[in-house]
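One structure is given here, and the rest of the page talks about it.
The values are calculated or read from the model by the stated rules, or taken from the named source; none is laboratory data. All values derive from a computational prediction rather than experimental measurement. Glycine gets a Cβ as well: all are built from the backbone with ideal geometry, and neighbour counts include every protein chain shown. Accessible surface is based on the protein model in full, side chains and every heavy atom, while ligands, DNA and RNA are left aside. Shrake-Rupley method; radii C 1.70, N 1.55, O 1.52, S 1.80 Å.
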Amino acid sequence: ANEMLNIPNAFGHTVRYAMKANSHRSILQIFDRIGLHIDASSYYEVQRALAAGISPEKIMLTSQQVLSAETVKELVCKGVIYCSVSLNQLKICASVQTELKTPLSVRINPGLGSGHNNRTNTAGVSASFGIWHEYLPEVLAVAESYGLKIERVHTHVGSGSDWKVWQKAAALTLDIVRKMPDVKIVNLGGGYKIDRIDPSRSINLHEVFSVIKNDFEKFSKETGRSLYLEVEPGTYLSANSCMLLTKVNDIVNTGKNGYTFIKVDASMTELLRPMIYGAKHPIRLLGKENETRQDYVVVGCCCESGDIFTVKEGDPELIDTVKLPITETGDCIAIMGAGAYGISMSAKNYNSRPVCAEVMIRSDGSVIEISRRQKLEEIWEREVSLY
Ligand SMILES: Cc1ncc(COP(=O)(O)O)c(C=O)c1O
């Protein structure tokens, strides 16, 4: 987070933590203390951030869900920033803000997307996020018809982006801002790649933002406008903060032409990224120093054939293996890099598995349970009994 707070920038910047990556109250509080603001993706996330003690002015909501005018009003009156991602949302928001005279924020799809696959790509023709850039005249017309100014433009082109693509998208964003004379703040979203397997392939923030800084300075010379920068990292701030600890339940194999499977007591109910993105997470066998290594497929304990932690990178349809020291039932395995889109995005309660406990190790080495394990009865307590 400190690295993000110190990225090169031309005219000041704010870091908004994309709380969808890991929305735990204690994490929101830590980031709040060191000066980060919040990017919320739903009304519920806004409520969660408020409940964690974050002040409303530090929260910006950019949501796929269209909220009613009453709900937008409730949020905006509190001080929450509302960023419209469609023309419909913009009309609702403008109708609310016209009384309050607060400036508008819009998310634009600049026409270029990036991400390691379609599921993490959030711009370009195949993404529904943001207002398609060709509708800019309509966007400006809505603002004008309500007597409002558009102060902030937001673009987020994808997660795990190739930073060259990301920089190109930033340049496209500036082209859009050129046509929007009242814009003062440019929010470039998130997508700062962390490679969990090979950290040398992770984004170099200093390099990337030096180029962006240059672009902002050039823009300023050309137009006389000094744009304030916002960024919304999620993964970068939380991915490597957490590991999923799990026990080996069983070991089975499918004969000499098959695989040896390690069955662990975690599953897609704690970490879904391998199963839906083909995401690679380093896997370590804890406490075993023996040198002999063997290829294993590590699978979760859900009754679901896709519940596999070792899949081919980018293709969850294909099985891969990991080399681990000879493993036995009862051994402990750590699945690393599970802090972003781990528990926050998992298939909670599938197979009626209670949500796991979460433990934080503080910088002084002390350990604190930050979430207790869900009680089994909590899974069905909302359900109505017929008999
Ligand atoms: C609008 C917005 N901002 C920020 C992020 C965070 O992305 P990442 O976790 O890749 O940094 C996302 C992720 O989807 C997003 O949709």
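Protein-only accessible surface at a 1.4 angstrom probe places the residues Glu270, Glu328 in the order Glu328, Glu270, largest first. Note on the chain: GNM, Cα springs under 10 Å; of Gln167, Gln374, Gln64, the largest mean-square fluctuation is that of Gln374. Computed from Cα atoms, the angle from the helix 69-78 axis to the main principal axis of the chain rounds to 90 degrees. Using the Cβ-Cβ distance between Thr321 and Ser26 with R0 set to 35 Å, the FRET efficiency from 1/(1 + (r/R0)^6) comes to roughly 0.45.
Please determine, in degrees from 0 to 90 and to the nearest 10, the orientation of helix 136-145 with respect to the longest principal axis defined by the Cα atoms of the chain, where the helix direction is its Cα long axis. Taking the Cα atoms of the chain, the angle to 136-145 is about 60 degrees.
Rounded, prolate or oblate, given the Cα gyration tensor of the chain, with a/c below 1.5 counting as rounded?
prolate
Among Ser126, Ser95, Ser42, determine the one that fluctuates most according to a GNM of the chain built with springs between C-alpha atoms less than 10 Å apart. Judging by the Gaussian network model, the answer is Ser126. Helix 87-100 and the longest principal axis of the C-alpha atoms of the chain enclose an angle of approximately 60°.
Tell me what the chain gives for mean residue ellipticity at 222 nm when only DSSP H runs of n ≥ 4 count, each as -39,500 (n - 2.57), the sum divided by the residue total, rounded to 500 deg cm²/dmol.
Numbers: 11 runs with 105 residues, N = 387.
Rounded to the nearest 500, it is -8000 deg cm²/dmol.
Could you work out what % of the accessible surface of the chain is carbon and sulfur, using a 1.4 angstrom probe and leaving DNA, RNA and ligands out of the count?
About 51 percent, which is the carbon plus sulfur part of the accessible surface.
Between Leu272, Leu67, Leu90, the Gaussian network model of the chain with springs among Cα atoms under 10 angstrom shows the greatest mean-square fluctuation at Leu67.
Report relative contact order for the chain in percent, whole number only (criteria: Cα-Cα under 8 Å, sequence separation at least 6). Can you show the working numbers first?
Numbers: 824 pairs, mean separation 54.8, N = 387.
Reported relative contact order: 14 percent.
Please arrange Cys242, Cys303 by accessible surface area, largest first, computed with a 1.4 Å probe and ligands excluded.
Values: Cys242 50, Cys303 110 Å².
Ranked from most to least accessible, the order is Cys303, Cys242.
In the context of the full set of protein chains, the range 190-268 has a per residue accessible area of 50 Å² (1.4 Å probe). If the segment from Cys303 to Val125 were pulled out straight at 0.36 nm per residue, it would be longer than the present Cα-Cα gap by 60.4 nm.
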